[in-house]
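> Take this structure, written in structure tokens, and hold onto it; I'll ask about it next.
The values are calculated or read from the model by the stated rules, or taken from the named source; none is laboratory data. Quick caveat, the model's predicted, so the values are computed rather than measured. Backbone-built Cβ (ideal geometry, glycine too); neighbour counts: all protein chains shown. Please note that ligands, DNA and RNA were not included when accessible areas were found on the heavy atoms of the full protein model with its side chains. Shrake-Rupley method; radii C 1.70, N 1.55, O 1.52, S 1.80 Å.
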Amino acid sequence: MEEKGFSDIDGATILLKQHSYSQTCKEFNVICPKLSLRSLTTATCAVWVAAYAIFAYTENSMVLSAAIFCTLIGLLFFLHFVKIDQESLLVIGSLGIQMTLSFASGKESTEFIEMHRVKDVVINEAIFMQKVIYYLCILLKDPADPKGISSIVPVFQSAKPHLDCLVEVYKSCQDILSKEKKSIDILDVEQP
């Protein structure tokens, strides 16, 4: 297993872990920055101070109870649906590509794309918040037109790694895809 440190588009440190199972099977894990205790404490204190100010003005204790309840529900929602700790990309040359999101609460979300649907893996660029960013995406074949593209599936959306990290993942994906195309071409030639 190989580990390298990179940065995301905001300058925060992320970690790329690569695990090679075989020549046509590799896994890439991008570990996002952990939840900042300072920002969590600041947000919680801001809500509670605002609630106490409203309580002091209205003298209604339900305001304090509602603030505590809303803070706890908001935190649980954030940890379960928003904060992603790790994104992984598993590329299996003969089978497909699996993308997994691991949330801070432990919940995981997985998407699998069969290899016969994959046209290519590319690095694309976009304008985001007045700057140009790069992202890795999977181009899917159009069933009606084999040379066309039906959709684009972005990878590592939460981590938003810099170009140097994406290039490393891109090169490995292209190696696997080229080996898969060669094996398909050999099978096509051997069959009459």
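> In the range 37-49, what residues are closer than 29 Å to V155 by Cβ and in contact with a helix residue (DSSP H, G or I) (Cβ under 9 Å, 6 or more places away or on another chain)?
The answer is L40, and nothing else.
> Quick one: which residue in L15, L37 is closer than 30 Å to C165 by Cα, within 26 Å of the chain's Cα centre (by Cα) and surrounded by 16 or more Cβ atoms within 10 Å (Cβ to Cβ)?
Exactly one of L15, L37 is closer than 30 Å to C165 by Cα, within 26 Å of the chain's Cα centre (by Cα) and surrounded by 16 or more Cβ atoms within 10 Å (Cβ to Cβ), namely L15.
> Then there is this: Identify, please: which residue in the range 101-118 is in contact with a helix residue (DSSP H, G or I) (Cβ under 7 Å, 6 or more places away or on another chain) and not in a strand (DSSP E or B) and is, among those, surrounded by the fewest Cβ atoms within 10 Å (Cβ to Cβ)?
Restricting to residues being in contact with a helix residue (DSSP H, G or I) (Cβ under 7 Å, 6 or more places away or on another chain) and not in a strand (DSSP E or B), the top hit is K107.
> Among what's in the range 66-100 and is touching a strand residue (DSSP E or B) at 6+ places or on another chain (Cβ under 9 Å) and surrounded by fewer than 14 Cβ atoms within 10 Å (Cβ to Cβ), pick the residue that is farthest from S178 (Cα to Cα).
H80
> Give V155, V122, V169 a once-over and let me know the one that is open to solvent by 20 Å² or more (accessible area, probe 1.4 Å), in contact (Cβ under 8 Å) with a residue 24 or more places away in the chain and either touching a Leu at 6+ places or on another chain (Cβ under 7 Å) or within 26 Å of Q23 (Cα to Cα) (or both).
V122
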